[in-house]
Amino acid sequence: MAENKQERAERVQAEKDFRVQFLMGETGIAEAQARDLIKMHGDNPNSLLREARLLAKN
């Protein structure tokens with residue numbers, strides 16, 4: 001059974017929230033910084049983690 005628009009939106013939001021929490025826990029960056037990284041770099045986990053680590057160093 002295919003998901004409807006609302007189910008897809010909820011799943012996408014849950015995935016973003018998971019990535020935000022992961023980046024915060026893994027690198028110590030703030031929630032707003034993690035959300036900004038996702039907006040700028042998409043959802044590639046390797047790119048996000050690399051950029052979050054660079055951001056955390058500053």
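The values are calculated or read from the model by the stated rules, or taken from the named source; none is laboratory data. Just so it is clear, the structure is predicted and the values come from calculations on it, not from any experiment. Neighbour counts are summed over all protein chains in view; Cβ atoms, including those assigned to glycine, are modelled from backbone coordinates with ideal geometry. Each accessible area value is taken on the protein alone, full model and side chains, heavy atoms only, with ligands, DNA and RNA left out. Shrake-Rupley method; radii C 1.70, N 1.55, O 1.52, S 1.80 Å.
So here's what we get for this one:
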item: Top positive-direction residue, dipole computed over the chain with Cβ charges, set Met24, Gln13, Ser47; result: Ser47
item: Over the chain, relative contact order from alpha-carbon pairs under 8 Å, at least 6 apart, %; result: 29
item: Accessible area in square angstrom per residue, the chain, 1.4 angstrom probe; result: 78
item: Rounded percent of accessible protein surface that carbon and sulfur make up, the chain, 1.4 Å probe; result: 51
item: Ala9-Gln21 pseudo-label distance in nm [points 7 Å out on the Cα-to-Cβ vector]; result: 2.2
item: Computed [θ] at 222 nm, helices only, for the chain once each DSSP H run of length n ≥ 4 contributes -39500 (n - 2.57); result: -27000 deg cm²/dmol
item: Which label in [x] 44; [y] 82; [z] 74 gives the computed volume of the Cα convex hull per residue in Å³; result: [y]
